[in-house]
Amino acid sequence: MALRREDLVRLRRVRDRIDRDHAQPLDVAVLAHQALMSPGHFSRCFKAAFGETPYDYLMTRRVERAKALLRRGDVSVTEACFAVGCSSLGSFSARFTRLVGETPSAYRSRDHSAAALIPSCVLARAARPSRSVRIGEATGARARLPSSAC
């Protein structure tokens, strides 16, 4: 799918909104409207640009934030689940386990003292599931958008 530069810019703005508002209820139709696209076209373009669906991207952000909360040790798994915007503990735990490789409870009980010295934005990048597609690579487009800083 060939994406135009203006589509990539709008998709990046939506992705930034997901990063910023990940704990809020986010609807694909509303995000698609912000990108000036139909929901189906938006989902296809988002996946072509970023290598995952908008929902998968949102859930990855929520899991990354939950990991930061659980590393502190003063938040329960249930509190972390609701704090990051998930409404189902079961779905949250399943997604967390799939992305991280261990349950939220096991992750919380592990020693994270070494990770405390690393800024969370750096830790999130290092621990983020690898993406095989970067902006424009899936489409062959030459336009590249700068990655966001911490």
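Elements of the type helices (runs of 4 or more DSSP H) sitting completely within region 30-107 and holding at least 3 residues that are among the aromatic types (Phe, Trp, Tyr) and touching a helix residue (DSSP H, G or I) at 6+ places or on another chain (Cβ under 8 Å): these cover 39-50.
Yes/no matrix, rows are residues, columns are (1) under 16 Å from the mean Cα position of the chain (by Cα); (2) free of Cβ contacts under 8 Å to residues at least 12 places away in the same chain; (3) surrounded by 14 or more Cβ atoms within 10 Å (Cβ to Cβ):
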{"position": "ALA29", "(1), (2), (3)": "no, yes, no"}
{"position": "PRO54", "(1), (2), (3)": "yes, no, yes"}
{"position": "VAL63", "(1), (2), (3)": "yes, no, yes"}
{"position": "LEU69", "(1), (2), (3)": "yes, no, yes"}
{"position": "GLU79", "(1), (2), (3)": "no, yes, no"}
{"position": "VAL84", "(1), (2), (3)": "yes, no, yes"}
{"position": "GLY90", "(1), (2), (3)": "no, yes, no"}
{"position": "ALA94", "(1), (2), (3)": "yes, yes, no"}
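Taking MET1, is it out of contact with any Asp or Glu (no Cβ under 9 Å at 6 or more places or on another chain) and among the aliphatic types (A, V, I, L, M)? Taking the combined requirement at face value, the residue satisfies it.
Checking VAL14, VAL75, VAL28 one by one, the residue that is in the same structural domain as PHE92 (by TED's automatic domain parsing) and not small (Gly, Ala, Ser) is VAL75 and no other. Kindly check whether there is at least one residue in region 99-109 that is at pLDDT 95 or above, surrounded by 19 or more Cβ atoms within 10 Å (Cβ to Cβ) and not hydroxyl-bearing (Ser, Thr, Tyr). Taking every residue of region 99-109 in turn, at least one turns out to be at pLDDT 95 or above, surrounded by 19 or more Cβ atoms within 10 Å (Cβ to Cβ) and not hydroxyl-bearing (Ser, Thr, Tyr).
The values are calculated or read from the model by the stated rules, or taken from the named source; none is laboratory data. Predicted model, so just to flag it, every value in this text is computed and none were measured. Cβ atoms come from the backbone with ideal geometry, glycine included; neighbour counts cover every protein chain shown.
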